[in-house]
Amino acid sequence: MEQRHLGRTGLRVSRIGLGTLTWGRDTDEHDAADQLKAFWDAGGTLVDTADVYAGGEAEHLLGRFLDSLVPRRDLVIATKAGSVPDPYRRFDGSRGHLLAALDASLRRLGTDHVDLWQVHAFDPLTPLDETLQALDLAVSSGRVRYAGVSNFSGWQLAKAATWQLSAPGLRTRLASTQMEYSLLQRGVEREVLPAALDLGVGLLPSSPLGRGVLTGKYRTGTPSDSRGASEQLAPFVEPYLDEAASRIVDAVATAADGLATTPLQVALAWVRDRPGVVAPVVGARNAQQLTQALSVEALSLPDEICQALDDVSAPVHRYPDQDWSTL
């Protein structure tokens, strides 16, 4: 699998990442092991998890597979901290919480460092410089190799990345930002992606298949074994089952027919090769699903197909995103 640099850093990762959101919850140990082995066999390196996935069970499972199934040195392990199961405070970016969460993640993973540590979301109750200092301390201590953020808006990302760049050698530059991005969700193109491109921050798209909808599996109803049929995940899928999304899915299916491939491959290739994107993070229920996604490696979409998909999925970006003088 092709490797790409993560932002403006020396870290290289596979251009498809493996997500572990469902590990330890909907994906059992056997299926998780099969996924990781298939991913590694295909040349994949970037494995993304978080301390809150399945209450820590996703990290624990991944840790059990390191070296026993896949060599630790062959993987780029990315995890996150900052989300908390507190109904009154969804995110905690305090230095104390983040560093304690990192130590807990390392214990579950059974490793002395993670390759990429990400702040899971912006915490408006904690000064941003305090949150970012936790990243600096983690890197300087050797427990973290590179740092990033997740779910930061455009101004939040720009402020954080600029703060880190203002003291080179003392603060660790942000390598990445993880955001939802697909043909069904192009909101990052307003401000997040321009900020990331300007500041040398690599984009790791989550839900690159539109929460599974872009595979076309929902075109004739909701399959009984799909996320849309799951009591826990149905509300996650439902926003992308409207008429506007249906038109985009139909266009993806048409493109797939013309290219003799699948809607999954078309949708994934589109987002993988967007400017600023480093590696879409793909979550699968089993190894068979993951193998279908990994088969996109050989596909590059023709320019005409990309343009047609751009047009049918184009979000409405007016003032101040367009040149104001033309409005």
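As a summary of the residue check, Val139 satisfies the conditions (1) touching a helix residue (DSSP H, G or I) at 6+ places or on another chain (Cβ under 9 Å); (2) outside any loop (DSSP other than H, G, I, E, B) except for the one numbered (1). Scanning the stretch 100-118 for residues that are of a type in the set (D, E, K, R), without any contact (Cβ under 8 Å) to a residue 60 or more places away in the chain and buried (at least 17 other Cβ atoms within 10 Å of the Cβ) turns up just one, Arg108. Contact map, the stretch 25-36: residues that are farther than 11 Å from Leu290 by Cα paired with residues that are outside any helix (DSSP H, G or I), Cβ distance under 7 Å, separation 6+ or inter-chain. Pairs shown: Asp26/Arg285; Thr27/Arg285; Ala33/Leu69. Looking at the structure I just gave you, is Ala279 touching a Lys or Arg at 6+ places or on another chain (Cβ under 7 Å) and in contact (Cβ under 8 Å) with a residue 12 or more places away in the chain? In short, yes. Scanning the stretch 59-113 for residues that are within 21 Å of Leu11 (Cα to Cα), of a type in the set (A, V, I, L, M, F, W, C) and out of contact with any Leu (no Cβ under 8 Å at 6 or more places or on another chain) returns Leu102, Leu106.
Entry remark, the stretch 142-158: residues being touching a strand residue (DSSP E or B) at 6+ places or on another chain (Cβ under 9 Å) and in a helix (DSSP H, G or I) number 2 in total. Got at least one residue in the stretch 199-218 being surrounded by fewer than 23 Cβ atoms within 10 Å (Cβ to Cβ), of a type in the set (Lys, Arg), closer than 26 Å to Thr22 by Cα and touching a helix residue (DSSP H, G or I) at 6+ places or on another chain (Cβ under 7 Å)? Within the stretch 199-218, not a single residue is surrounded by fewer than 23 Cβ atoms within 10 Å (Cβ to Cβ), of a type in the set (Lys, Arg), closer than 26 Å to Thr22 by Cα and touching a helix residue (DSSP H, G or I) at 6+ places or on another chain (Cβ under 7 Å).
In this structure, Ala293 does not qualify as touching a residue at least 24 places away in the same chain (Cβ under 8 Å), buried (at least 17 other Cβ atoms within 10 Å of the Cβ), in a loop (DSSP other than H, G, I, E, B) and of a type outside the set (Phe, Trp, Tyr).
Of the residues examined, His97 is not one that is open to solvent by 70 Å² or more (accessible area, probe 1.4 Å) and either more than 15 Å from the chain's Cα centre (by Cα) or more than 22 Å from Ser150 (Cα to Cα) (or both). Within the stretch 310-323, residues that are free of Cβ contacts under 8 Å to residues at least 12 places away in the same chain and charged (D, E, K, R) sit with their Cβ atoms under 7 Å from residues that are part of a loop (DSSP other than H, G, I, E, B) and open to solvent by 50 Å² or more (accessible area, probe 1.4 Å), at 6+ positions apart or across chains, in these pairs: Arg318/Leu327. The set of residues from the stretch 52-74 being open to solvent by 20 Å² or more (accessible area, probe 1.4 Å) and within 18 Å of the chain's Cα centre (by Cα) comprises Val52, Tyr53, Ala54. Take the conditions within 26 Å of Ala287 (Cα to Cα), open to solvent by less than 10 Å² (accessible area, probe 1.4 Å) and either at pLDDT 95 or above or among the acidic types (Asp, Glu) (or both) and apply them to Ala32. Does it pass? For Ala32, the condition - within 26 Å of Ala287 (Cα to Cα), open to solvent by less than 10 Å² (accessible area, probe 1.4 Å) and either at pLDDT 95 or above or among the acidic types (Asp, Glu) (or both) - is met.
The values are calculated or read from the model by the stated rules, or taken from the named source; none is laboratory data. Source: prediction; values computed, not measured. Counting neighbours? That spans all protein chains shown, and the Cβs are built from the backbone with ideal geometry, glycine included. What goes into the accessible areas is simple: the full protein's heavy atoms, side chains included, and nothing from ligands, DNA or RNA. Shrake-Rupley method; radii C 1.70, N 1.55, O 1.52, S 1.80 Å.
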